[in-house]
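One structure is given below, encoded as structure tokens.
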Amino acid sequence: MAASSVSPNFHLAFIPDGNRRWAKKHGVPAISGHEKGIDRMGDVLKWCRAHKIRMVSFWAFSSENFDRDRDEVEGLFRAFETRLQKVMKEAEFDKYEVRVRFIGDRSRFPFRIREGMARVERETAKFSKYYVNLFIGYGGRAELVEMAKRIAKDFANHPEKVDEHAIAARLWTAGLPDPDLIIRTSGEQRISGFLPFQSVYSELFFCKKLWPDFSKKDLDTALTEFHRRRRRWGK
């Protein structure tokens, strides 16, 4: 598929599933799978850049992930803290003017992680050539609950004025375009609460490979399939 066939406003999102299964398959600790998965994000960003895809999102840590074994969660925190800087350096975020945004409930993360997120956002806020959105502590239902609270407060006296634009403006993703294509790895065929409001007209592509094994060829296949489809937008 030619890179020119991708719209300048194309938004590609990933549900990078299968890190723990990859680790079990290879006989290594679960954290090794998560580290491998984070590194794969860096590879995918390079492949996306070759396709001139300017906006890429990853569901990096769900709100449900906090309920996992405490040691695994702590390992995830450490992996996220150390590997993200590695990915940013290798993917040359500064060179390619990549703006990074973290989306989700940060309150449950350790202070050092929250500070790191804020620092990365500050350092990349001036960029606008490429965009990377990392959904951290994100859950679709939690996002809708927070949106409902804001709607109730802002429109307490004028509920008749609530419309889709008002809702979109109060989501954690306010200001971002809805994803055109969502790719989920590991063979699971569901979106598990990822962007329930924003994904109503997103195309879905399910890849059987575990996330650490996702390849450039797999990305090319998904993009080719996307461009074969006719998007009717409910019409």
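Between His34, His158, His51, the GNM of the chain built on Cα springs shorter than 10 angstrom shows His158 fluctuating the most. The simple spin-label model puts a point 7 Å past each Cα toward its Cβ; for Arg228 and Asp71 those points are separated by 4.5 nm. Taking packing as the residue-averaged number of other Cβ atoms within 10 angstrom, the listed peptides 22-32, 117-127 run from highest to lowest as 22-32, 117-127. Could you tell me the distance between the Cα centroids of segment 177-231 and segment 97-159, to the nearest Å? Centre-to-centre (Cα) distance: 22 Å. Within segment 141-168, find all residues whose amide N lies under 18 Å from a label point positioned 7 Å from the Cα of Ser107 along Cα-to-beta-carbon. Under cut-off, by backbone N: 141-154. With Cα atoms as the point set, segment 108-157 shows a radius of gyration and Dmax of 15.0, 41 Å. Here the label points at Ser215 and Val200, each 7 Å from Cα along the C-beta direction, are separated by 3.9 nm in the simple model.
Modelled spin labels at Arg141 and Phe127, positioned 7 Å past Cα toward Cβ, are 3.5 nm from each other.
Summarised as an ellipsoid, segment 1-136 has semi-axes of 26, 18, 13 Å, derived from the eigenvalues of the Cα gyration tensor scaled by 5 and square-rooted, with the largest first.
Excluding same-chain neighbours fewer than eight residues apart, the lysines reachable from Lys149 by a Cα-Cα span under 17 Å are Lys161.
Which values, in whole Å and largest first, are the semi-axes of the equivalent ellipsoid of the chain obtained as the square root of 5 times each eigenvalue of the Cα gyration tensor?
Three semi-axes, in Å: 27, 23, 19.
Where a number appears in this text, it was derived from the coordinates with a stated rule and is not lab data. Since this is a predicted model, take the numbers as computed values, not measurements. Here Cβ is always computed from backbone atoms with ideal geometry, including for glycine, and neighbour counts include all displayed protein chains.
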